[in-house]
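The values are calculated or read from the model by the stated rules, or taken from the named source; none is laboratory data. Values in this document were obtained by computation on a predicted structure and should not be read as measured data. Every residue, glycine as well, gets a Cβ built from its backbone with ideal geometry; the counts of neighbours run over all protein chains shown.
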Amino acid sequence: MNIILTSIDYILNWSRANSLWPLTFATSCCGIEMMQTVASDNDIARFGSEVFRGSPRQADLLICAGTITHKMAPALLRLYQQMAEPKYVIAMGACTCGGGMFADTSYSVVNGIDKIIPVDIFLPMCPPRPEALIDAIRKLQNKIRKESVLKRKDFVNFHTPKLIEMNGILGEKGGSDELA
C-alpha cells in the first residue's frame, strides 16, 4: 500500500512542479524584473510557468514582487486565501522579504510578507534579476517534487501570521470583517 501511495505522490508532485501558474502581484520595481522573465531572453515557459494569471482562483503560485504596506496587507491575504490548493509563495525582492530600505525609516511598510502569509522561497535582492527568479522557481519545483501532501498541510498550518495575531494590520477581530 505504501508503494502505491508513494507512486501517486510522485506523479502528483511531478505534475504540480512542472505546471506552476503564477499570479501577477507586483507593486514596485521588482515587478519589472518579474515581467522580464516572460520575455524571449529568459523564457520562463521552459519551466511550465509561462501564463501569468489575473485571477487567484486560476493560480497556484504567488510571486509577490515589491513593497507591501500595512494598507495593502489585507488585499494580499485575501488573494492568498482565494488561491487554489496547494498554493506556493515566492517573496521577490528585499522589500518583500524584510522591508528593504524602508524597514527602519517607514512606519507603513510590512517588514516581510512572512508575517502575513507562509513563504516557500525568499529571493532577497534589490531588484532580483530575471535569472534569479528563474532559479527560485527551479528551487520551488525541486521542493514540490520532494514533499508529500501531508507535509504541505503541516507547513501551511504551522505558519501563524504574526501581524494577524497581534491585530496589527487587520483590525481588532483578526481581519474577519475585512475579508468577508
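A count restricted to segment 14-36 and to residues that are of a type in the set (S, T, N, Q), at pLDDT 80 or above and in a helix (DSSP H, G or I) stands at 1. A count restricted to segment 56-72 and to residues that are touching a helix residue (DSSP H, G or I) at 6+ places or on another chain (Cβ under 7 Å) and surrounded by fewer than 15 Cβ atoms within 10 Å (Cβ to Cβ) stands at 1.
Selection within segment 115-170: residues that are basic (Lys, Arg) and out of contact with any helix residue (DSSP H, G or I) (no Cβ under 8 Å at 6 or more places or on another chain). The member of this set that is modelled with the highest pLDDT is LYS139. The set of residues in segment 35-92 that are among the small types (Gly, Ala, Ser), closer than 18 Å to LEU140 by Cβ and within 13 Å of the chain's Cα centre (by Cα) comprises ALA59, ALA65, ALA84, ALA91.
Can you find, within segment 19-55, the residue that is surrounded by the most Cβ atoms within 10 Å (Cβ to Cβ) among those that are free of Cβ contacts under 8 Å to residues at least 40 places away in the same chain, of a type outside the set (Phe, Trp, Tyr) and within 26 Å of GLY100 (Cα to Cα)? Among them, the one singled out is GLY31. Quick check, is ASN111 touching a residue at least 24 places away in the same chain (Cβ under 8 Å), surrounded by fewer than 21 Cβ atoms within 10 Å (Cβ to Cβ) and not in a helix (DSSP H, G or I)? Answer is no for this residue.
Total residues in segment 37-74 satisfying the condition of being assigned to a helix (DSSP H, G or I) and under 17 Å from VAL119 (Cβ atoms): the figure is 2. For ASP104, work out the one condition from (1) more than 19 Å from LEU76 (Cβ to Cβ); (2) modelled with pLDDT of 85 or more it doesn't fulfil. All conditions pass for ASP104, except number (2). Give segment 118-133 a look and list any residue that's outside any loop (DSSP other than H, G, I, E, B), more than 14 Å from the chain's Cα centre (by Cα) and not acidic (Asp, Glu), or say none. The answer is PRO130, ALA132.
Each residue in segment 75-90 was checked for being in contact with an Asp or Glu (Cβ under 6 Å, 6 or more places away or on another chain) and assigned to a loop (DSSP other than H, G, I, E, B), and 2 pass. Put simply, of LEU123, LEU77 the only residue that is closer than 14 Å to ALA26 by Cβ, buried (at least 21 other Cβ atoms within 10 Å of the Cβ) and either free of Cβ contacts under 8 Å to residues at least 24 places away in the same chain or of a type outside the set (Ser, Thr, Tyr) (or both) is LEU123. Every listed requirement among (1) assigned to a loop (DSSP other than H, G, I, E, B); (2) touching a Cys at 6+ places or on another chain (Cβ under 6 Å) is met by THR96 save one, (1).
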